[in-house]
Structures are given as C-alpha cells and as structure tokens.
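The values are calculated or read from the model by the stated rules, or taken from the named source; none is laboratory data. The structure presented is a predicted model; accordingly, all values stated were derived computationally and were not measured. So basically every Cβ, Gly included, is an ideal-geometry build from the backbone, and we count neighbours across all protein chains shown. Heads up: the accessible areas ignore ligands, DNA and RNA and are worked out on the full protein's heavy atoms, side chains in. Shrake-Rupley method; radii C 1.70, N 1.55, O 1.52, S 1.80 Å.
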Amino acid sequence: MSLSWISQDLPQAFDPDRVTHAFERWNALGDKPAFESLSDKIGEIASNPEKSAVLAALFGNSPYLTNLCLRDPDIVCDIFDHGLDQAFADALAPVRKSADARDVDQPTTMGMVRRAKRRAALVIAIADICKAWPLEKITSAISETAERTLDFTMAHCLSAVAKMRKYDLPNPQNPLEGSGIFCIGMGKLGAGELNYSSDIDLIFLYDQDVVTYIDPDRIHQDLVRMVRDITRIMEERTGDGYVFRTDLRLRPDPASTPPIMSMIAAETYYETVGQNWERAAMIKARIVGGDHVAGDAFLEILRPFVWRKHLDFIAIQDIHSIKRQINAHKGGSKINIPGHNIKLGCGGIREIEFFAQTQQLIWGGREVALRGKATCDTLRTLTEFGQISEQVRDEMLAAYEFLRTVEHRLQMINDQQTQTLPDTDDGLRALATFLGYDTLDAFKADLLLHLRNVE
C-alpha cells in the first residue's frame, strides 16, 4: 500500500521521552496473546521510517492518541496496510447496519459503539495530522461516526421497548424504518461539521400519527425512558470510554418539556412562540437517526418558519442582540492569546458561523441556494450572489480552516472538549509544535492574523 498520504512535514514530538516510552510499549504489544498475530506488523511499523514518524508525531504530542494506538494496534496496522479510507470504513462496519442492533443486549451495544467511535477517532486523527484529508472530510467523518453510533443505539433501544410488548414495530427486521421516531441533529452535527471532541446537539421527536402503541396511556413515559437510555448509552463513561456527550437543550422550551415530544407539539411551539435564534439554529437541522421519512416530513413543515421572504426589523435587532450577548460573555473585543477562546472569543469560529447564518436568514428566504448547512459552502455561495467579496470569502475560509485545525489539536491532546488556548508559554509551545510550527512566535503571528481578519 502506498504511503504517499503521509505528509513530509509531520509535527515534531514536543516530548521525546514520551516517544521513547511509547515505542517501548508498542514493541511489547507483539508479545501479548491478543496481538500475537500482528507481531511482525507491529515490529515493521516501528522500524519503518515513514510509519514510525507518524506514530512519533502522536506519541510525542498526545497522551490520548498514544493510548488509542496502544489499545487498538490492529487499526493502526489496517491504516498502513489498506489506507485511511478503508480503515475508517472498517472501524464503523460493526455499527453501520442499524438492523443488527435488534439482536444484541445493552452491554454489548455499549461496547460496540464505543469501540467503533474509538477506532474511527484514531483513523481521523492520523488523517488530520498527516494532512491526508481536507478539513471538510475530517469534520464529515467525525459527524458520520456520531450518526452511525447514534442510529445503532436508537435501533437497539427501540427494539428493547418493542420486546417488552409496548410498541408495534412496522418492520421488526429493521426497527427504525417506519417507526415514526426520529432524531434531529443540530449545530455542527446537523451541518456535518463536528469537531474532534464535540458534544452532539439533538432533538428527539415522534410522529403521533405513525406510532402504534399498545398502551397509549404510557406512551410518553416509556418514550422518555427510551431517550434517556439512548443518551446514557452514548455518553456514559465505562472501561471502553464514551461515545459522544449529548445535549438536548435545543429542543422547544427545554426547561418545561420532556426529552422527546410529538411532532404536533413541536410544530405548534415553533409556529406560535418560536424565536429568531431558533430559526437560525434550524438552518443546520438534519435528520441523523431513526425514521428519516417522518423526520424529513417534519423539517419540511418547518421550512416556512425558518425561511421567510421578508425579514422584519425586530428579527434583525434580535440578531444583533445575540451577537452582543456573545461578545459580553467572552470579553468583548479583546484578543489576548494566552487563554483566548478560539470558538467564542473575538475573531473566533463562532463569529464566522454567526456571520454566515445571519446572512442566510436575511437572504435565504428568497434564494434557495443560500439554504445550505455547511459554513464554508455558505460563504462561497454568498460570494456567488454578490453578498460578500471574494477577498472576504477567502479570508473567512482561511481563518475557519486554521481555527478549526487549532481546535482539533487542542482537543486531540487529552480528548477534552475545549476551545481555550493554554495560558502558559509552555502550553502554547506544545500546541504550536503539534500544529507543525518550529517557533511559538510563528504560530502567534498566524493566529493573530486570522483572528483580526475575522474581527
């Protein structure tokens, strides 16, 4: 298998001692019974200059990725034997068919989705660090990992409810098909733009005209319990780790509504008291689990709520108000690199996303082409329609790619959901090294350039 996908300028190891120690552990894996059949491959990877350089970039900069390599050396071998695309497909293969979830118990389901996420995460990280995949493919792969594991988990939990004789599945062999129960992915999951250690924003709904429940008086109680089981399976930490942290707070009126609502209740909410920030959030809404037919029908019902031909002045004032709240929450217009939040801080990722979404709210009611979900695609389309200049588009795209790459490296170090830069020079130097910089000053100069361009 060709190794042409490996970048010639891999990041250097920030901590050489960790590299030495990790390679000692890597070489010892071949002596373990579980990996005895991989012994020759493990040794060959350690002795091959190109392959060992990839591992050194991980071992010397990320304790989290080091542990993934040492836990699943077979996926590392798969990457070098068959390439990144095939290894990613292999990682998700056990959970790709949601119908397979109907015959496994909950502990097995929890183990399967965690193993799939863990192995996919390692493939994606190596593709990112080796610059083998562009940003859009990296974020899309993370999002696909979330979708496949969520769909598998939903199928398992729905089958479990049906087995208790509480729910008539239209298609027992494929539990989600025609079930009337679906999950909307919001935010970065809806846009297919998840970051490396992202939470996933979800809204669970059911079609009250499709769900056939044996005991109608208990439908809400049992569906709420099912959704709680789904989120627990996804986010509970076990010896196998976790899958994705889940956030259900983007559903209608989360303080007073259950974790799953009927379509009619949600539709009534949006049509009567839906807010402009919810319209903006719904731009990225996409069905990511369950019954896609029912889900897509619901999103079509919401289309007039999201896309209005005429934007009133109150809506524009709301948009400015949201921006002021973001600025006030994260320190206004100050850019101070140590401890700066590259997502919510001045010149950060959220400002690029917010700009794109507000332009969509203003113009998307008239121009269907401006109703896309991905941030970068929206910026390109806005240029085609004359709403932003080519220079602004190019500066925004460059800043978005740069800041998202910084975000991913921050999160890869210890698998933490953080967008805050280290507040010490040593921490910043470690991050700069992981990003491939020779000096901290060079990293700071590029970072300030992009933050100021966005500002």
Report summary line: the chain accessible area per residue, 1.4 Å probe, protein heavy atoms, integer Å², reads 43
Query raised in the report: Taking the simple approach of a point 7 Å from Cα along Cα-to-Cβ for both PHE305 and HIS320, what is their distance in nm?
Result: 2.7
Query raised in the report: For the chain, with the dipole built from +1 on Lys and Arg beta-carbon atoms and -1 on Asp and Glu ones, taken about the Cα centre, which of ALA13, LEU65, LEU397 lies farthest toward the positive end?
Result: LEU397
Requested in this report: With label points built 7 Å along Cα→Cβ from the Cα atoms of SER2 and ALA46, find their separation and express it in nm.
Outcome: 3.0
Query - P(r) tail fraction, the chain - alpha-carbon pairs more than 35 Å apart, % - result: 36
Query - Full-extension gain in nm, THR272 to GLN208, via 0.36 nm per residue minus C-alpha separation - result: 21.1 nm
Requested in this report: Name the long-range amide H neighbours of ILE260: under 5 Å, sequence gap of 5 or more, or other chain; modelled H, no Pro or chain starts.
Outcome: none
Report task. Distance from a point 7 Å along Cα→Cβ of LYS32 to each backbone N in the range 50-70: keep the residues under 16 Å and list them by number. Result -> 64-70
Query raised in the report: If you place +1 on the Cβ of every Lys and Arg, -1 on the Cβ of every Asp and Glu, and leave all else neutral, what size is the dipole of the range 335-455 about its Cα centre, to the nearest 20 Debye?
Result: 400
Requested in this report: Using the Karplus curve 6.51 cos²θ - 1.76 cosθ + 1.60 with θ = phi - 60°, work out ³J(HN,Hα) for each residue of the range 153-165 in order, rounded to whole Hz, and write x for Gly and Pro.
Outcome: 5, 4, 5, 4, 5, 5, 5, 5, 5, 5, 5, 7, 6
Query raised in the report: Which links in LYS163/LYS188; LYS137/LYS309; LYS131/LYS373 stretch past 31 Å when you go from one Cα to the other?
Result: LYS163/LYS188; LYS137/LYS309
Query raised in the report: Carbon and sulfur: what percent of the range 1-96's accessible surface (1.4 Å probe)?
Result: 51
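Roughly how many debye, to the nearest 20, is the charge dipole of the chain about its Cα centre, given +1 on each Lys and Arg Cβ, -1 on each Asp and Glu Cβ, and no other charges?
My answer is approximately 820 debye.
Give a quick list of trypsin sites (Lys or Arg not before Pro) in the range 152-255 that DSSP marks as loop, anything other than H, G, I, E or B, with at most 15 other Cβ atoms within 10 Å.
Sparse-neighbourhood loop trypsin sites (Lys or Arg not before Pro): ARG165, ARG237, ARG245, ARG249.
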**Report entry** Separation in nanometres of the label points that stand 7 Å from Cα toward Cβ, at ARG245 and HIS220
**Finding:** 3.0
Query raised in the report: If the cut-off is a Cα-Cα distance under 13 Å, which aspartates and glutamates reach LYS51, setting aside same-chain residues fewer than 8 apart in sequence?
Result: ASP78, ASP81
Report summary line: Counting only DSSP beta bridges with both partners in the chain, the antiparallel fraction in percent, to the nearest 5, comes to 70
Report task. Would you calculate, for the chain, the mean residue ellipticity at 222 nm contributed by helices, counting each DSSP H stretch of 4 or more residues as -39,500 (n - 2.57) and dividing by all residues, to the nearest 500? Result -> -18500 deg cm²/dmol
Query raised in the report: Of all trypsin sites (Lys or Arg not before Pro) in the range 363-438, which ones are in loop regions per DSSP and have a Cβ with at most 15 other Cβ atoms within 10 Å?
Result: ARG366
